[in-house]
Amino acid sequence: MSRPNYILEINSISKNFGGLQAITRLSFNVEEGLIFSIIGPNGAGKTTAINLITSMYPPTSGEILFEGQKLFRKKPYQVALMGIGRTFQNIQVFQKMSVRENVMVGCHTQSDSGFLRCLMHTPSVWKEEKVIRQKTDAVLKFLDLDSKADMLVGGLPYGVQKRVEIARALAIEPKLLLLDEPVAGLNLQETEEMAGTILKIRDTGITVILVEHDMNLIMGISNRITVLDYGKKIAEGSAKEIQNNPKVIDAYLGKEL
Amino acid sequence: MENRKGFSLNISKGHNFIPIERKRTIESCLLLVNRMLLKQKDNLCFGILALVIVAIPMFVESKYYFIVLNVIGLNTIVVVGLNLLIGFAGQISLGHAAFYGLGSYFSGILTVNYGFPMWPAMLVGMLATGAVAYLIGYPSLKLRGHYLVMATLGFGIIINILMGELEQFTGGHDGLMGIPPLTIGGLAFDNDLKNFYLIWSFVFFFMLAARNLLNSRVGRALRAIHGSEVAANSLGINTADYKVKVFVLSAMFASVSGSLYAHYITFISPSSYDFYYSIQVVTMVIVGGMGSLWGSLFGAGILTFISEALHIAEQYHIIAYGIFLCLVLVFLPEGIVVGIYNFFLKIKTRKAIIK
Ligand SMILES: Nc1ncnc2c1ncn2[C@@H]1O[C@H](COP(=O)(O)OP(=O)(O)OP(=O)(O)O)[C@@H](O)[C@H]1O
Ligand SMILES: [Mg+2]
């Protein structure tokens, strides 16, 4: 196998929570520049997979390579510094900060002044702030948030908060962006906008891993899909292949009974 | 749409009770306060603070009021530092009396017992206090949960006991006397008025430094940690490191204030640094508003004033503090200043949404 354009390689990872095996020997490779989706019934282990990729906890066994580098024993913030951004299934925006400030926090990775310099507000801090502001404005514009820039995030509708969370993750300039159910709780129109946004993000060259239950969205925009059930991969392929895969249909129908 | 309905209903209900003209004055006053609190007007606030500091001695004559004002200033420095920890990083310390005390005792012991020059003694005190805070903060902040509260609580009590027991250095329970007043060149800060200028200059610059910190990368990171630690981490912020550092910084603020206190009063004894003082400063942070710089000044001001006003009934202090804290927590859980500020920010946000 040639590996040059795999940005992420997952090699047989497992994760146990006490007695519960949330992920069992999961392997998949994500090609750079594509939208790679992970689907599966509730409790299949999708969020756990994202948490493993971002090193929120270590895998029980197996290894994860990002751009050929092992993620073993990396802290979540180090993973972010390497270029993996993410959003959360249970939204985690900074409610008491404005939209702009939320995104500015995301620019943390591209600045380096510490306590002493910030206390004195040295000219270098001033310059850095200017760069951060420009960067933030660009991200806000990209996600159509500029009109809401100075509002407190806590007071905004859910759909907008979700966009803020993505904007914030984009500000870290990720190479890989993990979205955990970005359209859950959104209405039809918002979902459509979000689909557009995700495509736009991919078109800037960022690889996207998308976890979703919304099949229309998944089938509409994914380049490749992996299906999990009870922590195991049961299928992988294009939208068409997945839709016609009897195992997948089984997994979903079984759950709905 | 639903949002809009609920909103307009609330407003009309709230305002019908107040006559029109009075409503207008109240509104414009509050708006002014709000404007001043907005970041863009921060410089204006500092300008006003500087003016007030310079002007106060023209209106205040009594020595008693100067003492109160100076104590307010000293407390403000501690509270601003503590607020960086509580209000921004979301960690609580119940041992700030110890850091305040370490500043006092380092300054006192080094100058009185060892003939150290005063400003270097203060600097040594600050750095040593920071180092001690690091030793406490590092292990307890590594763990999740509120270990810092317990660690600082225990530490505060131990330090307070040591102040009384290590007699050969600290003078024991009788205290340490004859601490020299600070000097700059030939100018000695040896009375209440001179100390007023000295202490409040420190307040001014420490608040300015805190403001700088908050309006920068580090400040945003701290607020992010308070908002959601996992999210902060996912954005490349080393949250454990930041929490330790802000704890060290807040201990250093307290230490400097303690040094100033020692040189001002020229006499220190363990009773000034007991658990009650730690509680007092935490209360000031909460009353003024967690995460509000100007709230810290306000909280320190109003509570120092109250506790001075109640001086006759000393045993009721802690009760008065308790009641005040309860009232604030029930009616303005975000603190007085922040409460008013957020009220207006919410209105602004909602209005913008309706548009
Ligand atoms: N921190 C944890 N401790 C213990 N069990 C966990 C933990 N996190 C997840 N689990 C369990 O692991 C399994 C997989 O959970 P996960 O959240 O990854 O599912 P999911 O595919 O994201 O589901 P959903 O579609 O509902 O979000 C579930 O049975 C869950 O209860
Ligand atoms: Mg999930």
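The values are calculated or read from the model by the stated rules, or taken from the named source; none is laboratory data. Since we're looking at a predicted model, the values are computed, not measured. Reconstructed Cβ throughout: ideal geometry from the backbone, glycine too, with neighbour counts over all protein chains shown. Calculation scope for accessible area: heavy atoms of the full protein, side chains included, ligands and nucleic acids excluded. Shrake-Rupley method; radii C 1.70, N 1.55, O 1.52, S 1.80 Å.
The single residue among A:Ala184, A:Ala167 that is within 29 Å of A:Leu52 (Cβ to Cβ), within 20 Å of the chain's Cα centre (by Cα) and not in a helix (DSSP H, G or I) turns out to be A:Ala184.
Considering segment A:95-126, the residues that are in contact (Cβ under 8 Å) with a residue 60 or more places away in the chain and facing chain B (nearest Cβ under 7 Å) include one that is surrounded by the fewest Cβ atoms within 10 Å (Cβ to Cβ), namely A:Thr109. When the helices (runs of 4 or more DSSP H) confined to segment B:155-274 are screened for residues that are of a type in the set (Phe, Trp, Tyr), those reaching at least 2 such residues are found at B:192-214, B:239-265.
Filtering segment A:137-159 down to residues that are free of Cβ contacts under 8 Å to residues at least 40 places away in the same chain and within 11 Å of another protein chain (Cβ to nearest Cβ), which residue is most open to solvent (accessible area, probe 1.4 Å)? Going through the qualifying residues, I end up with A:Ser147. Among the numbered conditions (1) modelled with pLDDT under 95; (2) under 20 Å from A:Asn42 (Cα atoms); (3) open to solvent by 20 Å² or more (accessible area, probe 1.4 Å), the only one that A:Ala251 does not meet is (3). Screening A:Glu67 with (1) away from ligand 2 (no atom under 16 Å from the Cβ); (2) more than 7 Å from every other protein chain (Cβ to nearest Cβ); (3) open to solvent by less than 60 Å² (accessible area, probe 1.4 Å) gives one miss only, at (3). Tallying residues that are under 30 Å from A:Lys200 (Cβ atoms) and either within 16 Å of ligand 2 (Cβ to nearest atom) or open to solvent by 80 Å² or more (accessible area, probe 1.4 Å) (or both) within segment A:20-35 yields 2. A:Gln78 - would you say it is more than 16 Å from ligand 2 (Cβ to nearest atom) and within 14 Å of chain B (Cβ to nearest Cβ)? The answer is yes for A:Gln78. Note on segment A:192-257: enclosed helices (runs of 4 or more DSSP H) holding 1 or more residues that are within 16 Å of ligand 2 (Cβ to nearest atom) and of a type outside the set (Val, Ile, Thr) are A:215-221, A:246-256.
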